[in-house]
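Visitor: One structure coming up, written as structure tokens, with questions to follow.
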Amino acid sequence: MMRQATHRIKANGLTHFVRDSGDAAAPAAVLLHGFPDSSAVWSKVTPLLVREGFRIIAPDMRGFGETDIPKTLAEYDIRTGAAVDVVAILDHLKIERAHLVGHDFGAPVAWTLAAGRPDRFLTLAALSVGHMRAYLKAGAEQKRRSFYILVHQLRGICEWLYRRNDWALLRKHWDAARDIDETIALLSRPGRLTAGLNWYRANIGVRRMIFPPPEGEYGEEIVRIPTIGVWSSGEKYLVEGQMIASAAYVDAPWTYERIDGASHWLQADAPAALAALLVRHWGKQGHG
């Protein structure tokens, strides 16, 4: 039977809820979710990865699931918030180095960590979202698909829009989510919807989408660990080109893979295909 544990870890000013699966002595991989999810989004792929001999660490990102809600908007900055959280969680669990996987908003966190802390991570797997530079340069079609991000900037108004008529807009816009009713139940708790939206408000506002900041302004951006980018053909929020173009920001072995027939939530729609890609990627690099 697969070992499953949960931890409540105090780190970086918050208490974090973390799912920990597999042999504690096995090579570790940390899986980072995005909006509007929790660590439960990895529930289908985790047993497949554990079966292949890996220890899977999946935290609820700050403000999501059972992890504490930061008090200020500035605390949602991924460089000083979530990225620091992940390293602190690994420190607490006494994991020196791990494979790194990020999906949706977890992907920018993972790109940031891979570029800034290559001493702590063996490989990077970016799911759906490419390097932020490639995303911001992706062109008109990507801007059209990203219109919802502009709506997310409307504090109070966006929250009202999502909640009205039994969450009708959220049900429509995020219709392929792993379990939309469970997602709504989590977001219905006090402060949780605003916490999720604050990730967008603190990291990618209107100005940044139109006028990307100069390269290097946010520290190291080039990734120097082996990286795989995975995009799915049913993706409706992100164009394929922004993932393919991410190769320009990787100074290490780079692989691009496409999963056909899966939505944005490829880890739920195609867990076996994704697990196979990850295991092959991790196996090529060894475990440190």
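Computed from the coordinates by the stated procedures, all read-outs in this text should not be read as laboratory data. Remember, it's a predicted structure, so these values are computed and weren't measured experimentally. Please note: Cβ atoms are built from the backbone with ideal geometry, for glycine as well, and neighbour counts cover all protein chains shown.
Visitor: Take every DSSP beta bridge whose two residues both sit in the chain, then give the antiparallel share in percent to the nearest 5. Show your work: numbers first, answer last.
Guide: On the way: 12 of 36 bridges.
Restricted to the chain, the bridges split so that about 35 percent are antiparallel.
Visitor: Search the structure for amide H atoms under 5 Å from the amide H of A125, placed 1.01 Å from N in the peptide plane, and list their residues when 5 or more places away or on another chain.
Guide: Correct list: L100, V101, G102, I228.
Visitor: Could you rank the peptides 123-131, 35-43, 267-275 by their average count of other C-beta atoms within 10 Å per residue, with the highest value first?
Guide: 123-131, 35-43, 267-275
Visitor: A follow-up question, please. What whole number of Å gives the distance from the Cα centroid of the stretch 106-137 to the Cα centroid of the stretch 6-67?
Guide: Spelled out, the Cα-based centre of one part sits 17 Å from the other.
Visitor: What is the Cα convex hull volume of the stretch 1-103 when expressed per residue in Å³? Display every interim value, and only then the final one.
Guide: Working: hull volume 9.3 nm³, N = 103.
Cα-based convex hull of the stretch 1-103, divided per residue, equals 90 Å³.
Visitor: Another question, if that's okay. Nearest-5 percent of antiparallel DSSP beta bridges in the stretch 1-121? Could the numbers behind the result be given before it?
Guide: Details: 12 of 20 bridges.
Expressed as a percentage, antiparallel bridges in the stretch 1-121 total about 60.
Visitor: Then there is this: For the chain, what does the helix formula give at 222 nm: sum of -39500 (n - 2.57) over DSSP H segments with n ≥ 4, over the residue count, nearest 500 deg cm²/dmol? Could you put the intermediate results ahead of the total?
Guide: Numbers: 13 runs with 111 residues, N = 288.
Dividing the helical sum by the residues of the chain leaves -10500 deg cm²/dmol.
Visitor: I need the per residue convex hull volume for the chain, using only the alpha carbons, in cubic angstrom as a whole number. It would help to have the intermediate numbers written out before the result.
Guide: Working: hull volume 33.8 nm³, N = 288.
Spelled out: Cα convex hull of the chain, divided by residues, is 117 Å³.
Visitor: Which of the peptides 80-86, 159-165 is most tightly packed, and how do the rest follow, going by the mean number of other Cβ atoms within 10 Å of each residue? Please list the in-between numbers first.
Guide: Details: 80-86: 22.3, 159-165: 14.3.
Top to bottom by mean Cβ count within 10 Å: 80-86, 159-165.
Visitor: How many Lys pairs in the chain lie less than 29 angstrom apart by Cα atoms, where the lysines are 8 or more positions apart or on different chains?
Guide: Close lysine pairs under the 29 Å cut-off: 14.
Visitor: Could you check the simple spin-label distance between R189 and R258, using points 7 Å along Cα→Cβ, in nm with one decimal?
Guide: Distance between the two pseudo-spin positions: 3.9 nm.
Visitor: Which of P47, P190, I157 sits closest to the plus end of the dipole of the chain, meaning its Cα is farthest towards the positive end, when Lys and Arg get +1 and Asp and Glu get -1 on the C-beta?
Guide: I157
Visitor: Still on this structure, I have one more. May I ask for the net charge around I9, where only other residues with Cβ less than 15 Å from the Cβ of I9 are counted and Lys, Arg are +1 while Asp, Glu are -1? If you can, show how the numbers build up before the last one.
Guide: Details: positive: R8, K10, R19, R62, K94; negative: D20, D60, E66, D68, D85, D91.
That sum, taken over residues with Cβ under 15 Å, equals -1.
Visitor: Expressed as a rounded percentage, what relative contact order does the chain have, with Cα pairs under 8 Å and six or more residues apart?
Guide: Values: 527 pairs, mean separation 58.4, N = 288.
After rounding, I find 20 percent.
Visitor: Using the count of nearby Cβ atoms within 10 Å as a rough guide to exposure, how do T67, T194 rank from fewest to most? Let's see the in-between values first.
Guide: Details: T67 22, T194 17.
So the residues, fewest neighbours to most, are T194, T67.
Visitor: Net charge near V50: determine it from the other residues with C-beta under 15 Å of the C-beta of V50, scoring Lys and Arg +1 and Asp and Glu -1. Please list the in-between numbers first.
Guide: Values: positive: R3, R19, K44, R51, R55; negative: D20, D23, E52.
Charge balance near V50 sits at +2.
Visitor: Can you work out ³J(HN,Hα) from phi for every residue in the stretch 226-240, in order, using Karplus 6.51 cos²θ - 1.76 cosθ + 1.60 and θ = phi - 60°, giving whole Hz and x for Gly and Pro?
Guide: The phi angles translate into x, 9, 10, x, 10, 10, 10, 5, x, 5, 10, 9, 9, 7, 5 Hz.
Visitor: Now, a different point. Of Y148, Y135, Y256, how do they rank once you tally other Cβ atoms within 10 Å and put the fewest first? It would help to have the intermediate numbers written out before the result.
Guide: Numbers: Y148 13, Y135 24, Y256 16.
Going from least to most buried by this count: Y148, Y256, Y135.
Visitor: Need the full-extension length gain, K143 to R163, defined as separation in residues times 0.36 nm minus the C-alpha distance. One decimal, nm. Let's see the in-between values first.
Guide: Numbers: separation 20, 0.36 × 20 = 7.20 nm, distance 2.49 nm.
Here the segment from K143 to R163 would lengthen by 4.7 nm.
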